[in-house]
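S.K.: Next up is a structure, given as structure tokens.
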Amino acid sequence: MTTQLEQVTEVITRLQNKPGALLPILHGIQDKLGYIPTDSVALIAAALNQSRADIHGVISFYHQFRTTPPGKHTVEVCRAEACQSMGARQLEAHAKSSLGVDYHGTTVDRSVTLEEVYCLGNCACAPSVRVNDEIVGRVTTEKFDQLIDELRSQKLEVL
Amino acid sequence: MTALSTKVYIPRDTTALAMGADRLAAEIAAEAAKRGEAIEIIRNGSRGMFWLEPLIEVETANGRIAYGPVETQDIDNLFEQSFLTGETSHPLCQGLTEEIPYFKRQQRLTFARAGITDPVSLQDYQAHDGFKGLLKALSLSGQTIVDEVKASGLRGRGGAAFPTGIKWQTVLDASPTDGDQKYIVCNADEGDSGTFADRMVMEADPFMLIEGMTIAGLAVGADQGYIYLRSEYPVAHQILNEAIAKAEAAGFLGEDIQGSGKTFHLEVRLGAKAYICGEETSLLESLEGKRGMVRAKPPLPAIVGLFGQPTIVNNVLSLAAIPYILAEGGQAYADYGMGRSLGTLPFQLAGNIKRGGLIEMAFGVTLRELLEDFGGGTFSGRPMRAVQVGGPLCAYMPESQWDTPMDYESFQAVGAGLGHGGIVVFDDTVDMAEQARFSMEFCVAESCGKCTPCRIGSTRGVEVIDRIRNDENRAANMELLEDLCETMIDGSLCAMGGMTPFPVQSAVKHFPEDFNQPAISSKGGA
């Protein structure tokens, strides 16, 4: 069992010599751990010969990078215009109230983190939701509930 | 046995998958096995008729027969009614795919192979004219390639419509400060809502993009390319990486391309959910591993680009048009289109539309033809009210403007833009004041923060529109909003702050009634 920081170091060592390595490193860490632990900032900074402020500045600039652990699944609701025209505003409101969280929040049982996203490129079959790496189209409030139920029952199986 | 098996095409495109294509493919395979039917499932790209997804096709002696949209509960029935022989009586049967009017009316140059081939099959690609342009380019001088692109009249498809050949000439003529290093960067940060043409290129025909970028490298003497892909496109990411690996293994990419001694390396880099990184200088900063802050121009990226070196930054569609231009000649491409808008543009019908999808046609078709003849009206069945063409930074157009021909100059003349060709349709339930508010809100979320009018102006814009919607000093606040819009347009470095006011101003101008009434919460309001 490797520790988180060992995994972070592995990613940094593997990618630090790429030109413009910082985004690939941050993606690499987040893909592995689900987030970028605060402790890793100093390690990245040292490897790239940049200041910790530089690294923090980049992490905080991009909506995707997070510094706290997410829930077991990430559910992103598209807020952009094509989805709006097909009822995304109602879907957003439903997602927040049924999960009991706002955007960037994680449900009490830690099964789902809710995020906003601006366009998933599925604009002809809107509204769209992304569940982990899967995109789902024509999402009604009923279909949303069904997706969440499936995620939560998966969690039980794993446990 | 394989020779007798029937080919069944089930797309692996994002929209097809979003409508259940993976599960459908698995269940069709299982059902065929159960019934002892020999089938070969090919995961093709999408034809772009998204309202029919998942659209499955069966190969017959007469051509491919389409069925869609197919759901898992239809499978049993399809087998019962012998869909594997192309039986056309099934209610989901659309007939021969290429005879479907939506498809037949199009002029497909860039999307000629989309949906026809297996996107990661080199054999398929080459059997359908793939790499013809590259093989030709390998024998030409850089200047000759650039001249061919100039002759095509191709203008950047990202939205700014800058002549591609001129940009390439600038990079060809520029001197790097770091040895002879130049770069080709593909802007695949397709962030505009209502657009999916780039995604379709990458998912349906990735070798075409690889070929276009390689030709660009040969033209200007660049041996390294990057595709900056938005992370919201996981399917495209997967397919691009598969295609790059195959192209490298077959000697179409990497060292000594096809024995020519020429080199071009290509790598996909992921964005991280930042709309501003679709702006080319912000994109370059991001590729360099920095915050995506917009750079002042000049210097142009063509002269001082990625890591300070001369760089071509082109949109996916611009680079995807290159193989055809090289294979068939610039003039063949220029024969399509009108005036100064030459070639074709893939229009993308999205939002509240009955038949959404990708329509590649020469410039000059009118917006109404797309909305009515192709789109068939709204999905909801209610009257259409507003159409946003060109993404979140372009104007909302009222019905009086729908007869405008789709070309750069005609759109500019009515104060609208074509952008990347995305068309988002709204029905009569839309609250245009709420849409105007969203434009400002989006800018709050996505501004890089460099220019004050964009960073602060957008926040003030949300507040002013809220006051208008709450009927506080309406007349004075309307005036303030107009003043704010002008400040943002005049005082911002890039299109984010400079164009955010366009949808706002168009909403105010064309839909004033929505700003004269207190907000009604039943319209999904605040």
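S.K.: Run the dipole for segment A:47-159 about the Cα centre, Lys and Arg Cβ at +1, Asp and Glu Cβ at -1, nothing else charged, and hand back the magnitude in debye, nearest 20. If you can, show how the numbers build up before the last one.
M.R.: On the way: 12 positive and 15 negative charges, 35 e Å.
Result for segment A:47-159 is approximately 160 debye, rounded to the nearest 20.
S.K.: How do B:514, B:74, B:205 line up, fewest other C-beta atoms within 10 Å first? Walk me through the intermediate numbers first.
M.R.: Working: B:514 23, B:74 19, B:205 29.
Listing B:514, B:74, B:205 from fewest to most nearby Cβ atoms yields B:74, B:514, B:205.
S.K.: Mind sorting A:66, B:340 by how few other Cβ atoms lie within 10 Å of their own Cβ, fewest first?
M.R.: B:340, A:66
S.K.: Work out the P(r) tail for segment B:432-523: percent of alpha carbon pairs separated by more than 22 Å, whole number. Can you show the working numbers first?
M.R.: Numbers: 829 of 4186 pairs.
That tail contains 20 percent of the Cα-Cα pairs.
S.K.: Here's another thing I want to ask about it. Taking a ≥ b ≥ c as the square roots of the Cα gyration tensor eigenvalues, with a/c under 1.5 meaning rounded and otherwise prolate when a/b beats b/c, else oblate, which class fits the protein assembly as shown? Working shown, then result.
M.R.: Working: a/c = 1.17, a/b = 1.05, b/c = 1.11.
Verdict is rounded for the protein assembly as shown.
S.K.: May I ask you to evaluate 6.51 cos²θ - 1.76 cosθ + 1.60, the Karplus curve with θ = phi - 60°, for each residue of segment B:398-404 and list the ³J(HN,Hα) values in order in whole Hz, giving x for glycine and proline?
M.R.: x, 3, 4, 9, 6, 8, 5
S.K.: Looking at the square roots a ≥ b ≥ c of the eigenvalues of the Cα gyration tensor of segment B:309-355, which shape do they give, rounded for a/c under 1.5, prolate if a/b is larger than b/c, or oblate? Mind dumping the intermediate values first?
M.R.: Values: a/c = 2.37, a/b = 1.37, b/c = 1.72.
It comes out oblate by the Cα gyration axes.
S.K.: How many angstrom lie between the C-alpha centres of segment B:211-273 and segment A:13-56?
M.R.: If we compute the Cα centre of each part, the gap is 24 Å.
S.K.: Could you name the lysines in cross-link range of residue A:72, using Cα to Cα under 21 Å and dropping any fewer than eight places away on the same chain?
M.R.: Filter leaves A:32, A:96, A:143, A:155, B:273.
S.K.: For segment B:122-334, just the Cα set please: Rg and Dmax, both in angstrom.
M.R.: According to the Cα coordinates of segment B:122-334, Rg and Dmax are 15.7, 45 Å.
S.K.: Turning to a different aspect of this structure: Considering only C-alpha atoms, what is the centroid distance from segment B:277-315 to segment B:447-466, in Å?
M.R.: Between the Cα centre of segment B:277-315 and that of segment B:447-466, the gap is 24 Å.
S.K.: Here's a follow-up. Relative contact order (percent) for segment B:122-334, with alpha-carbon contacts under 8 angstrom and 6 or more residues of separation? It would help to have the intermediate numbers written out before the result.
M.R.: On the way: 403 pairs, mean separation 70.1, N = 213.
Over segment B:122-334, the number comes to 33 percent.
S.K.: Kindly give the semi-axes, whole Å and largest first, of the ellipsoid equivalent to chain A, taking each as the square root of 5 times a Cα gyration tensor eigenvalue.
M.R.: On the way: eigenvalues 211, 67, 33 Å².
Those come to 32, 18, 13 Å.
S.K.: So if R0 is 25 Å, what FRET efficiency would residue A:140 and residue B:26 give, r being the distance between their Cβ atoms, rounded to the nearest 0.05?
M.R.: Values: r = 24 Å, r/R0 = 0.96.
So, using R0 = 25 Å, E works out to roughly 0.55.
S.K.: For residue A:7 and residue A:51 in one chain, what is 0.36 nm times their gap in residues minus the Cα-Cα distance, to one decimal in nm? All intermediate terms of the calculation are to be shown ahead of the outcome.
M.R.: On the way: separation 44, 0.36 × 44 = 15.84 nm, distance 2.12 nm.
That pair, residue A:7 and residue A:51, stretches by 13.7 nm at full extension.
S.K.: In straight Cα distance, which lysines are under 21 Å from residue B:246, not counting same-chain residues fewer than 8 positions off?
M.R.: Output for residue B:246: B:132, B:136, B:262.
S.K.: Another one. Please provide three numbers in whole Å: the alpha-carbon extents of segment A:73-158 along the principal axes, with the largest listed first.
M.R.: 35, 21, 20
S.K.: Residues with beta-carbon under 15 Å from that of residue A:15, excluding residue A:15: net charge, scoring Lys, Arg +1 and Asp, Glu -1? The partial results should precede the final answer.
M.R.: Details: positive: A:14, A:18, A:32, B:269; negative: A:10, A:31, B:267, B:288.
Within the 15 Å Cβ shell, the charges total 0.
S.K.: Now for a different question. Just add up the charged neighbours of residue B:233: K/R +1, D/E -1, any other residue whose Cβ is under 10 Å from the Cβ of residue B:233.
M.R.: Working: positive: B:199, B:230; negative: B:189, B:190, B:198, B:203, B:232.
Surrounding charge for residue B:233 is -3.
S.K.: In addition: Work out the charge dipole of the protein assembly as shown with +1 on the Cβ of Lys and Arg and -1 on the Cβ of Asp and Glu about the Cα centre, then indicate which of A:73, B:305, A:29 is farthest towards its positive end.
M.R.: B:305
S.K.: Where the only charges are on Cβ atoms (+1 Lys, Arg; -1 Asp, Glu), what is the dipole of the protein assembly as shown about its Cα centre, to the nearest 20 debye? Could you put the intermediate results ahead of the total?
M.R.: Values: 59 positive and 88 negative charges, 174 e Å.
For the protein assembly as shown, the charge dipole is close to 840 debye.
S.K.: Under the classification rounded if a/c is under 1.5, otherwise prolate if a/b is larger than b/c and oblate if not, where does segment A:1-72 fall, given a ≥ b ≥ c as square roots of the Cα gyration tensor eigenvalues?
M.R.: On the way: a/c = 1.56, a/b = 1.15, b/c = 1.36.
Here segment A:1-72 falls in the oblate category.
S.K.: Another question, then. Got a sec to turn the phi values of segment B:89-106 into Karplus ³J(HN,Hα) couplings, 6.51 cos²θ - 1.76 cosθ + 1.60 with θ = phi - 60°, whole Hz, x for Gly and Pro?
M.R.: 7, 4, x, 8, 5, 9, x, 5, 3, 6, 9, 5, x, 4, 7, 5, 6, 7
S.K.: Would you tally the net charge around residue B:420, using a Cβ to Cβ cut-off of less than 10 Å, leaving residue B:420 out, and scoring K and R as +1, D and E as -1? Intermediate results must be reported in sequence, preceding the final value.
M.R.: On the way: positive: B:157; negative: B:190, B:192, B:198.
Around residue B:420, the charge tally is -2.
S.K.: Excluding residues fewer than 8 places away in the same chain, name every one of the lysines whose C-alpha is closer than 23 Å to that of residue B:34.
M.R.: Partners within reach: B:7.
S.K.: Still on this model: Which residue, A:54, A:145, A:102, tops the fluctuation ranking in a GNM of chain A built on C-alpha contacts under 10 Å?
M.R.: A:54
S.K.: Given +1 on the Cβ of Lys and Arg, -1 on the Cβ of Asp and Glu, and no further charges, what dipole in debye does segment B:337-427 carry about its Cα centre, rounded to the nearest 20? Each step should come with its number before you reach the end.
M.R.: On the way: 6 positive and 9 negative charges, 46 e Å.
In debye, rounded to 20, segment B:337-427 gives about 220.
Quick note: the coordinates plus some simple rules give every number you see, no bench work behind them. Quick caveat, the model's predicted, so the values are computed rather than measured. Counting neighbours? That spans all protein chains shown, and the Cβs are built from the backbone with ideal geometry, glycine included.
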